[in-house]
Amino acid sequence: MAVISDFRNVPEEAQGAAVALGNFDGVHEGHVAVIDSAGEIARAKDVPLGVLIFEPPPRMYFQPEGTPFRIMTPETRRDALREHGVDIIYELPFNKEMSQMSPEAFVRDVLVEGLKLTHLSVGFDFRFGRGREGDVNTLATLAKTYGFSFSVQERITDGFTKISSTAIRTALQEGKPETAGHLLGRYWRATGTVEMGEQRGRTISFPTANMRLGDLIQPMHGVYAVWAQIEGEDKWRAGVANFGRTPTTGLRDPLLETHLFDFDEEIYGKQMTVALVDFLRREKKFDSFEALTLQIAADAADAKQSLKAMSGGSLSVSALPKPE
């Protein structure tokens, strides 16, 4: 899969694609429908399937000091798009030049002259161009003007809720990882480098692998049943994780601290992916370290029960179960 970062110098073999255009943060079922729409045209016309994404996202450009909101990292997004058969990712920088393009200039300069696209597919609520002036009606008109085919994917729901990145973010912030997983079609995951922590967990036989979430959205502070995969391993290990600021032992920046069951190896510096499965309780301040220790043991038992129920009694799996 090719990744292109400049619309002015697109290699000939990456031109002429059927392109899905959007944010694609999460690559949820709504996004997949837009990609599949472009994919049908790509197969019919025997051209590559491309996805056009802005990196950084416009929201980060306009609000550089804003709170983290990404559902997935660019690297994880690339992997997800590859799994859906995408041949080319046009990962174009969103900068001052891009932010000031009129809708027609964007279509003419980027899509037509740059990518030389064959077809364009977007979601029903897509907006683009300076001040978000353009919409699907604008695109339909410009597609006729510049001679490429165009399709709009209508709203996708789960029967009740519009499947959207906003709905997924809201579910995570409300402590509903199962809802986020249902909307995503897979459990929400965070990937990061395991770093040295305060090492208090070792003193009570609950060592943790600690990760910062960086630009990823911060889920509700609290305790979760999780599956985790360590760099270099194929299997997923069961665990219990706390995301928060540890008010009992001293406030600090939010950290994801994961205790893996039946595991006691040094993995500092390794990459680890943690999937949030079940929210067990909110983070709270305990009156003593002893009270915290008892609660951690109870949390671990609850997490084991939850994860065993979905895996047939096992605390390690070769593939993650699907959210219900």
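Data for the structure
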{"item": "Subset tally (residues that are in a strand (DSSP E or B) and under 18 Å from residue 9 (Cβ atoms)) for the range 68-108", "result": "5"}
{"item": "Exclusive hit being touching a residue at least 12 places away in the same chain (Cβ under 8 Å), over 25 Å from residue 75 (Cα atoms) and not assigned by TED's automatic domain parsing to the domain that holds residue 60, set 270, 285", "result": "285"}
{"item": "Flag if residue 65 is over 24 Å from residue 170 (Cβ atoms) and of a type in the set (D, E, K, R)", "result": "no"}
{"item": "Residue satisfying condition, being out of contact with any Phe, Trp or Tyr (no Cβ under 6 Å at 6 or more places or on another chain), in the same structural domain as residue 146 (by TED's automatic domain parsing), polar (S, T, N, Q) and at pLDDT 95 or above, within set 100, 63", "result": "100"}
{"item": "Residues within the range 104-146 that are over 24 Å from residue 44 (Cα atoms) and of a type outside the set (Val, Ile, Thr), tallied", "result": "17"}
{"item": "Per-region count, the range 3-25, residues acidic (Asp, Glu) and closer than 27 Å to residue 72 by Cβ", "result": "2"}
{"item": "Candidates 117, 142, filtered to the one that is surrounded by 16 or more Cβ atoms within 10 Å (Cβ to Cβ), of a type outside the set (Ser, Thr, Tyr), touching a Leu at 6+ places or on another chain (Cβ under 6 Å) and assigned by TED's automatic domain parsing to the domain that holds residue 51", "result": "117"}
{"item": "Residue list for the range 218-236, restricted to those being buried (at least 22 other Cβ atoms within 10 Å of the Cβ) and either more than 20 Å from the chain's Cα centre (by Cα) or part of a loop (DSSP other than H, G, I, E, B) (or both)", "result": "219, 223"}
{"item": "Unique residue being surrounded by 18 or more Cβ atoms within 10 Å (Cβ to Cβ), among the charged types (D, E, K, R), within 29 Å of residue 274 (Cβ to Cβ) and at pLDDT 95 or above when the list is 82, 70", "result": "70"}
{"item": "In the range 186-209, residue modelled with the lowest pLDDT [restricted to those that are among the small types (Gly, Ala, Ser) and crowded, with 18+ Cβ neighbours inside 10 Å]", "result": "201"}
{"item": "Test: residue 215 is of a type in the set (D, E, K, R) and at pLDDT below 90", "result": "no"}
{"item": "Whichever residue in the range 119-178 is basic (Lys, Arg) and farther than 30 Å from residue 108 by Cβ and, among such residues, is nearest to the chain's Cα centre (by Cα)", "result": "169"}
{"item": "Top-ranked residue in the range 296-324 [being surrounded by 15 or more Cβ atoms within 10 Å (Cβ to Cβ) and among the polar types (S, T, N, Q); ranked as nearest to residue 237 (Cα to Cα)]", "result": "316"}
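The values are calculated or read from the model by the stated rules, or taken from the named source; none is laboratory data. These figures come from a predicted structure and were not determined experimentally. Cβ coordinates were reconstructed from backbone atoms using ideal geometry, including for glycine residues, and neighbour counts include every protein chain displayed.
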